[in-house]
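Down below is the structure, laid out as structure tokens.
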Amino acid sequence: MKHPRKLLSVCLLCCVAAPLSAQLKVSTQAEKVTLFIDGAQVTRTKQVDIPAGVSTLVFTGLSPYLDDKSMQVTAKGRLTVTAVNRQFNFTDSLAVSQKQQSLQAELKSIEKQQQEQHAAIALLNAERDMVKNNSTLNGKDATPSPAVIREVNQYYADRLKALSTRELTLKAQLDELDRKHDRLNDELKQLTDKREKPMSEVVVGITAPAAGKATFTLSYYVKNAGWFPSYDIRSTGLDNPVSIVYKANLFQNTREQWQDVALSLSSSNPSVGNVAPQLKTYWLDYGLAAPHYKAQLIGNTISGVITDGTREPIIGASISVPGTTVGAISDLEGRYSLTVPDDATDIRYAYIGFKTQTKPIVSNVMNVVMEEDVQALEEVVVVGYGTEKKKGLQPKIRGFSGRVAGVSISTKNDVVFEEEIPAEPLDVEQTQTQTGYEYDIKLPYTISSENKPVVAEIGHYDVAAAYIYQSTPKLDKDAFLTAQLTGWEQLNLLDGEANIYFEDTFIGKSVFNVHTQSDTLSLSLGRDRRISVQRVKEKAYTSRQFIGNNQTQTLAWKITVRNTRQEPVTLTLYDQLPVSRNNSITVTPEELGGGTLNEDNGTVTWLLTLQPGEQRDLSLRYRVKYPKGRSLVIE
């Protein structure tokens, strides 16, 4: 080589001239969150000092459940965004592993102390046995004097007493060690069962002609968050309007802290498919299965327990009816209860770290064992670097006392609680979009990432109502009060569970189903046992006769209704006659008691107005004629 020094100089110049890519870590705070029925849109904004040339910005502390395809990064300043990628940071996972090792070492230390305590107690018991065995004086040469006997007895009594006291002390210490051992075991189990994914980071490559400031806006869609509506429906009497309290149940387990964010609630659901379904040919042939229908339920309430593979309860699992906004969250024991619409056929169960399950409704009790989702992360970039541990953000309430449970709302003034002042709903602005409705909450919100449902009141309406009782004594002898509401469509309500209160008494739960209603919304206010309804078979009119080649069977029922309320009521009563679909079987009504018969479905309807204390008896009788020798099941 002729010029080694010159070649080395050229290489050094090239290295110096090549631009070095600086990596800057950027910590951001969520500024705006739009909660959907399933998922959330998170927006973060940060002004960053950028160097000249090529550099990389790493936006840290983002949810591991963000959707890669939804990431959007916009920048304002003299720069060019060259690339946007997502990676995972396993630093937190390593910290968890170190914590596990520390707990295991502490457990071993306590187990060693427990063994020492058991050994000390065993030695103490052996010494006690020895003292007892040697407590008898067996002198052969001379009989001991009474003073010696007293002295010896006192010695052994004092020694046994000391041993007992020492034993109590050792057992108390052992009990304390057992409690510490159990507590550490529980803490270790919680760390072992977390199975948390590492936090996400968004890596943004940029090129800038000169150093300066630039403002970056990062937005993305994240799972494991959402909201569902529920209602408190109250009526203080038959002469008063119905009060509807519209509540939003918010939840998130994104592992992000949403501190004082601008919060909006959207009725849209991005996780629902947006492709219109298409009909396939319905082939009919012998041997093909009949259409499947859900099992007959007793009421509309589905309940159960959600557990994992080890039968441990799952807290905070999401339960919902697909295609609706009806939902619930499992409690500390994994239990849930959900009132479903009449046309519901399936229930969806979801929880982070487990596979989402959709099960057909087959009974009123549905217990679910969730299956762990062990799908490994693929093509993950592992990043490890030092992190600064910050204190957890603590919820705080300042300057507002609204009907919000578990939410932090902050303004400038200190909060003042006065029981005499009724709580007010949140200041919410409602707007209509192309795909639904949005509710913009005007005060900053803080929602911690603990998957605990947060309930916020977003609407309070008083609606005029017409109250009507209805009863179907063939199925249930109670009278159900319904409130007929008009003009409800202007309230922009969604499907959801409703707590029913009538005359300041909790009646039960119902379902607010707005998708199957017309211009009149019918709300069930529960049972009113002050309207008495009885249905008894009248044996005097029930008979069976054989005439020629036919037989005739007559059935009769007596229906008694009574109003024990202090005001008149309107009662719609339903019963039915069987409907024949065979020409050899004829059904003839003989007595309808003033009711109206729908010949297509056999329903008999009575519209009654009952004065206070009034009782009325109604008769229903019909005759069925069919061929002799044939078996026919009649009610």
- prompt: How many of the residues in the stretch 217-261 are outside any loop (DSSP other than H, G, I, E, B) and open to solvent by 50 Å² or more (accessible area, probe 1.4 Å)?
  reply: 2
query: Considering the stretch 452-464 alone, what residues qualify as being farther than 30 Å from ASN253 by Cα and open to solvent by less than 30 Å² (accessible area, probe 1.4 Å)?
result: VAL463
task: Go through (1) outside any strand (DSSP E or B); (2) in contact (Cβ under 8 Å) with a residue 40 or more places away in the chain and name the single condition ARG616 misses.
output: (1)
message: Checking GLU590 against (1) within 15 Å of TYR541 (Cα to Cα); (2) outside any strand (DSSP E or B); (3) among the acidic types (Asp, Glu): exactly one of these is not met. Which one?
response: (2)
task: Out of the residues in the stretch 52-69 that are under 12 Å from VAL202 (Cα atoms) and touching a Gly at 6+ places or on another chain (Cβ under 9 Å), state the one that is least open to solvent (accessible area, probe 1.4 Å).
output: LEU57
- request: For ALA540, indicate whether it is small (Gly, Ala, Ser) and part of a loop (DSSP other than H, G, I, E, B).
  value: yes
- prompt: Among SER532, SER524, which is part of a strand (DSSP E or B), at pLDDT 90 or above, small (Gly, Ala, Ser) and under 40 Å from the mean Cα position of the chain (by Cα)?
  reply: SER532
- prompt: What do you reckon, is ALA210 outside any strand (DSSP E or B), open to solvent by 10 Å² or more (accessible area, probe 1.4 Å) and more than 29 Å from PHE354 (Cβ to Cβ)?
  reply: yes
task: Could you tell me which residue of the stretch 495-518 is least open to solvent (accessible area, probe 1.4 Å), considering only residues that are out of contact with any Phe, Trp or Tyr (no Cβ under 8 Å at 6 or more places or on another chain), under 24 Å from TYR439 (Cβ atoms) and part of a loop (DSSP other than H, G, I, E, B)?
output: ASN513
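Is it true that GLU599 is in a loop (DSSP other than H, G, I, E, B), without any contact (Cβ under 8 Å) to a residue 40 or more places away in the chain and of a type in the set (D, E, K, R)? Steps first, answer last, please.
Details: in a loop (DSSP other than H, G, I, E, B): yes; without any contact (Cβ under 8 Å) to a residue 40 or more places away in the chain: yes; of a type in the set (D, E, K, R): yes.
Answer is yes for this residue.
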- line: (1) under 17 Å from PRO473 (Cβ atoms); (2) open to solvent by less than 40 Å² (accessible area, probe 1.4 Å); (3) at pLDDT below 90 all hold for ILE559 apart from (3)
Where a residue in the stretch 446-473 is more than 21 Å from GLY487 (Cα to Cα) and of a type in the set (Ser, Thr, Tyr) and its partner, wherever it lies, is outside any strand (DSSP E or B) and open to solvent by 50 Å² or more (accessible area, probe 1.4 Å), with Cβ under 6 Å and at least six apart: THR446/PRO395; SER449/ARG255
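Just to be sure, is ALA157 in a helix (DSSP H, G or I), out of contact with any Phe, Trp or Tyr (no Cβ under 6 Å at 6 or more places or on another chain), modelled with pLDDT under 85 and aliphatic (A, V, I, L, M)?
It is true that ALA157 is in a helix (DSSP H, G or I), out of contact with any Phe, Trp or Tyr (no Cβ under 6 Å at 6 or more places or on another chain), modelled with pLDDT under 85 and aliphatic (A, V, I, L, M).
Could you please let me know if ILE315 is β-branched (Val, Ile, Thr), closer than 23 Å to LYS247 by Cα and modelled with pLDDT under 85?
On the way: β-branched (Val, Ile, Thr): yes; closer than 23 Å to LYS247 by Cα: yes; modelled with pLDDT under 85: yes.
Here the answer is yes, as ILE315 does meet what is asked.
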query: Residue check, TRP283 against (1) modelled with pLDDT of 90 or more; (2) assigned to a loop (DSSP other than H, G, I, E, B); (3) of a type in the set (Phe, Trp, Tyr), all met but one. Which one?
result: (1)
- line: Among the residues of the stretch 75-106, the number that are at pLDDT 85 or above, surrounded by 13 or more Cβ atoms within 10 Å (Cβ to Cβ) and among the charged types (D, E, K, R) is 3
statement: Given (1) under 30 Å from LEU24 (Cα atoms); (2) surrounded by fewer than 22 Cβ atoms within 10 Å (Cβ to Cβ); (3) at pLDDT 90 or above, LYS197 misses just (3)
task: Please specify each residue of the stretch 619-635 satisfying the condition of being free of Cβ contacts under 8 Å to residues at least 12 places away in the same chain and in a strand (DSSP E or B).
output: none
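The values are calculated or read from the model by the stated rules, or taken from the named source; none is laboratory data. For clarity, every value in this text was computed on a predicted model and none was experimentally measured. Glycine also receives a Cβ, built like all others from the backbone with ideal geometry; neighbour counts cover every protein chain displayed. Just the protein is used for accessible areas: all its heavy atoms, side chains included, with ligands, DNA and RNA removed. Shrake-Rupley method; radii C 1.70, N 1.55, O 1.52, S 1.80 Å.
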